[in-house]
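Report on the structure given below.
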Amino acid sequence: RQGRGPVGHGYSTANLDAGTQYYSFRIADDVVGVSLDTTDPGGHYEGSLGAAQFAWLDRTLRENKDAYAVVFS
C-alpha cells in the first residue's frame, strides 16, 4: 500500500546507491522541507549526523536562506 508521500520515503535510487539518505523538497514557495537520516550507524539511541550530511545540510540551508525550513529526522 502506498501513502501520500513519494515512493521509498523520497529516497531516489541514487540516494540509496550513494548512502545519502537525506534530501530536500519544496513544501511551498517559501518553505523547504529537509529530511535527515539521523540513525547512528553505531546504534547509539541519540542518533547522529556525519560530516558529509552536516555539510550538505549547511549548504542546503544557505541555498534556501530566504525560506522557512521544516526539518524531519
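Before moving on, here are some points about what is shown:
- Accessible carbon and sulfur surface of the chain relative to its total accessible area, %, 1.4 Å: 51 percent
- Heavy-atom accessible area per residue - the chain, 1.4 Å, Å²: 77 Å²
- (i) 35, 26, 18; (ii) 35, 29, 13; (iii) 37, 34, 23, with the label sought being that of the calculated Cα extents along the principal axes in Å: (iii)
- Gain upon complete extension [L16, A52; 0.36 nm per residue less C-alpha separation]: 11.4 nm
- Computed over the chain: relative contact order in percent, which uses C-alpha pairs under 8 Å that are six or more apart: 31 percent
- 222 nm mean residue ellipticity, helices alone, for the chain (DSSP H n ≥ 4; -39,500 (n - 2.57); rounded to 500): -7500 deg cm²/dmol
- Efficiency of FRET between H44 and D66 - r from beta-carbon atoms, R0 30 angstrom, step 0.05: 0.30
The values are calculated or read from the model by the stated rules, or taken from the named source; none is laboratory data. On a predicted model such as this, the values are computed, not experimentally measured, just so you know. When we count neighbours, we look across all protein chains shown, and the Cβ atoms used for this are built from the backbone with ideal geometry, even at glycine. Quick note on the areas: whole protein, heavy atoms, side chains included, nothing else; ligands and nucleic acids left out. Shrake-Rupley method; radii C 1.70, N 1.55, O 1.52, S 1.80 Å.
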